[in-house]
Amino acid sequence: MIAHLSGKLLEKNATHVIVDVAGVGYEVNIPLSTFYELGEEGDDVALRIYTHVREDAIQLFGFSSPRERDLYLKVISVQGIGPKLGITVLSGIGVDELVRAVKANDLARLTSIPGIGRKTAERLVIDLRDKVGDLALAKGGSEAGSSNIAIGDEHFDDALSALINLGYQRAVAEKALSTARSDVAEPTVQKLLRRALQLLAK
């Protein structure tokens, strides 16, 4: 069972990375919260890993911190939430905000995440309310890993692809990103996604 990977960041996008460990490239699925923390391709990277074994595949899910991985494991312990949907949950809502939403029984916020209906949101609250207290006081997110690159169509398209992969409809995602591009100074893919997700959560 792989629990940790460290090596060179060979390739990255908003949904997965390839980590080169001693010449072997590991493809790792990641949430946006981890994507925000990544450096540039070629940089050193260290990820906490959850290994999901199926009959036909072994999938790796990576996280920037033990806290993020711990919350992910709690999320996928809820009935109806598998590893892929768990990544969507952590991409659609920040760790601190998810903890607050669960503790406050904020079903409206939880159901704004693609793939999470009311019944699943209720199960999240019921199953996790007493399990997330130890995660509530940790640090919030940062802008680490963001580089000041001039915005272009490529960055807009990368952000759009990420939102569509998360389950947002193209027209809705395009509208949110267009607004985000106007709102954010010196936008990067990371900053566009952050702002677009804030708009989509309203």
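The values are calculated or read from the model by the stated rules, or taken from the named source; none is laboratory data. Keep in mind it's a predicted model, so treat the numbers as computed, not measured. In this analysis, Cβ positions are derived from the backbone assuming ideal geometry, glycine residues included, and neighbour counts consider all displayed protein chains.
General remarks:
- Test: residue in the range 57-65 that is in contact (Cβ under 8 Å) with a residue 24 or more places away in the chain and among the β-branched types (Val, Ile, Thr): no
- Within the range 107-141, being within 30 Å of Gln169 (Cβ to Cβ) and modelled with pLDDT under 50 holds for Gly140, Gly141.
- Condition met for Lys12 (under 28 Å from Phe156 (Cα atoms), in contact with an Asp or Glu (Cβ under 9 Å, 6 or more places away or on another chain), modelled with pLDDT of 90 or more and of a type in the set (Lys, Arg)): yes
For (1) within 15 Å of the chain's Cα centre (by Cα); (2) charged (D, E, K, R); (3) outside any strand (DSSP E or B), each residue gets a yes or a no:
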position: Gly25; (1), (2), (3): no, no, no
position: Val28; (1), (2), (3): yes, no, no
position: Ser33; (1), (2), (3): yes, no, yes
position: Leu60; (1), (2), (3): yes, no, no
position: Leu71; (1), (2), (3): yes, no, yes
position: Lys84; (1), (2), (3): yes, yes, yes
position: Val89; (1), (2), (3): yes, no, yes
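- Look at (1) in a loop (DSSP other than H, G, I, E, B); (2) modelled with pLDDT of 95 or more and you find that Gly39 fails only one, number (2).
- Those residues of the range 100-129 which are part of a helix (DSSP H, G or I) and among the basic types (Lys, Arg), in sequence order: Arg100, Lys103, Arg109, Arg118, Lys119, Arg123
- Residue count for the range 48-92, restricted to those that are in contact with a helix residue (DSSP H, G or I) (Cβ under 7 Å, 6 or more places away or on another chain) and of a type in the set (A, V, I, L, M): 7
- When residues of the range 173-191 are limited to those that are among the hydrophobic types (A, V, I, L, M, F, W, C) and more than 15 Å from Ser33 (Cβ to Cβ), the one surrounded by the fewest Cβ atoms within 10 Å (Cβ to Cβ): Ala185
- Hits in the range 143-155 (condition: out of contact with any Asp or Glu (no Cβ under 7 Å at 6 or more places or on another chain) and either small (Gly, Ala, Ser) or at pLDDT 85 or above (or both)): Ser146, Ala150, Gly152
- Leu71 vs. criteria in contact (Cβ under 8 Å) with a residue 60 or more places away in the chain and within 20 Å of Asp130 (Cβ to Cβ): yes
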